[in-house]
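To start, the structure under review is shown below, and the notes come after it.
Read the figures in this text as sums done on the coordinates, not as results from a lab. Treat the numbers as computed from the prediction; the structure is a model and nothing was measured. Quick reminder, even Gly has a Cβ in these numbers, built from the backbone with ideal geometry, and neighbours come from all protein chains shown.
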């Protein structure tokens, strides 16, 4: 009889927490065994009394398909003839209390469409011919920190529905979404979780099938087409990933073999009362294998470009979301979950070892230090962290009555104090436009026109601020209502001029961002940012410079957050050269009043804002302006300064003398 047991090395590495491709030997595999076609089933269930395979091939009666427990190991194995790809199955597990429960396969590659819950025998390794080789090669050579990263966050169920108010398939969505994202100028998309989940209302954040791409939109092969289509068009794909907790539906991981196998046995550590879920036992080596293998799986099998790790704070703090002020402590008396910290470091080490160019982004909402620091230096090892502090401050500021903004000026300046302490990403995510929080447009005070102007000024400030960018779908055309997961975005709003103009503004803003390297080359370096004026609270105006690697490669950003406009506003500048306005949110094309700086802006030989020179510009109400130097018109400023007899300098000195005498 052929030995179907897991080999000793795989068993050892699994039990010691060092097998990071556990999906290659666990789950179901359609194989040829001694000339016979069938499926090999393997499951980890150390505390089960008995395990059987049930499915449509045996009328869901497992009496004739009882699995064999591997000697000196915790795996159950069985080969069943003539079970083919596409067949449904579950594990019937007899627990120590005598109860039998039907469980889905934790390592299944595909699952039934909800509300059904069976796993499906599926071969995903060789079921698609990829065409993204050039993307993968270029991705491997790119330094993400000094590259543009502007993410469009998408919930596939509600981005757009077909004419019958039903879901599009992965292929259909790709064919619609790719040209839209490309046209709008985003560099990546980020998907709310697409692993299998039983309840639409959870948006995918309460998972049952960690290895199963959701069947709501099609097959694993269809999802590969989806990824491939984006890659062929130069767009990266990030997925949200949830390693902290899982839902407690009976067919899922909860009490899988009758014991608390994947979750903590301690009630206080296990129960996540706020979400009605169970926390993973991140100190158990086999659970570490399950999760780290899962992350590797999505990179390896689906060619994804990154993961955003959800709810990191829930993982690293023992008391996060706990009821009754439990005040749990670790062995050193601290409130940190040391097992979770070690797990995250191990996760990140492993991902970057196998996929050095991966994006691994932490949604971490506290001031935990060095989230993006290397693990060997005490960090958690992510390469990006959502800047929740910036997000909370700017949204609070933008919702203030405009007359009150001058008293809260620090809300738009404080973030620079810590902007380079981590590799930050600026998120305006789904969480900010749901559950009564209002849409971005409806957060803005003032009249109908003021709301649109406010959104434009806010988006311009976001693009100018250091840090990579993320915004949720619908924000780009100023959706009026907050997001509804069970219906499509209000695309009909594009029939109304102000929404269509907002979409054009965001498109032009995104393309400006991609084309201006000064806006992203030094996102995580204080050399890439310099205030011009951070203290003008009375007028609620901030101005700053973003620098690329070359000191002559810079762009000036001016944000006016009040209803006052200015015809002759001085801004200090670092170079004596002409300047031009490259984008103004008040442009009539975007729905503004068209108060533009359309002419070449001439420099003035006068110190201002601590700079050696200045320019005079128009600043519209509720606006953001981007201004660039034109070095081709005054090629070499050093020569200009050295030439004391320059007619241009004499002219400016004369003009300044006249101005001072008039004043």
| query | What do you get for Rg/Rh over the range 98-194 if you use C-alpha atoms and the Kirkwood form of Rh? | reply | 1.06
| field | Nearest 10 degrees, 0 to 90: helix 448-464 Cα axis against the chain principal axis | value | 80
| note | Quick calc of log₁₀ I(q)/I(0), the range 8-120, Debye, one scatterer on every Cα, no solvent, q values 0.14, 0.20 1/Å, result -0.57, -1.14
| task | Kindly express, to the nearest 10 degrees and within the range 0 to 90, the angle between helix 338-354's C-alpha long axis and the longest C-alpha principal axis of the chain. | result | 80
| request: Find the relative contact order for the chain and round it to a whole percent, using C-alpha pairs within less than 8 Å whose residues are 6+ positions apart. | output: 10
| task | Sketch the reach of a paramagnetic label on residue 113 as a point 7 Å from Cα along Cα-to-Cβ, and name the residues of the range 179-213 whose backbone nitrogen lies under 16 Å away. | result | 196-200, 213
| field | Inter-label distance for residue 175 and residue 37, nm, one decimal - labels placed 7 Å from Cα along Cα-to-Cβ | value | 3.0
| query | If you wrap a convex hull around the Cα atoms of the range 381-529, how much volume per residue is inside, in Å³? | reply | 119
| 16 Å cut-off, amide nitrogen to a point 7 angstrom out along residue 632 Cα→Cβ, residues in the range 573-599 | 578-582
| said: Compute the helix-to-body angle for 647-662: its Cα long axis versus the longest principal axis of the chain, expressed 0 to 90° and rounded to tens. | reply: 80
| task | Could you let me know the centre-to-centre spacing of the range 1-79 and the range 158-222, using Cα atoms, in angstrom? | result | 31
| query | Given only helices, namely DSSP H runs of n ≥ 4 each adding -39500 (n - 2.57), what is the per-residue ellipticity at 222 nm of the chain, to the nearest 500 deg cm²/dmol? | reply | -7500 deg cm²/dmol
| message | Which order do the peptides 84-97, 301-314, 610-623 come out in when sorted by mean C-beta neighbours inside 10 angstrom, highest first? | response | 301-314, 610-623, 84-97
| task | Just order 169-181, 207-219, 127-139 by mean Cβ neighbour count inside 10 Å, highest at the front, would you? | result | 207-219, 169-181, 127-139
| All-pairs alpha carbon distance profile, the chain, 20 Å steps from 0, percent | 17, 46, 27, 9, 2, 0
| message | Under the 0.36 nm per residue contour assumption, what length would be gained going from the current alpha-carbon distance of residue 366 and residue 63 to full extension? | response | 103.9 nm
| For the range 210-338, what is one quarter of the convex hull surface built on the Cα atoms, given in nm²? | 9.4
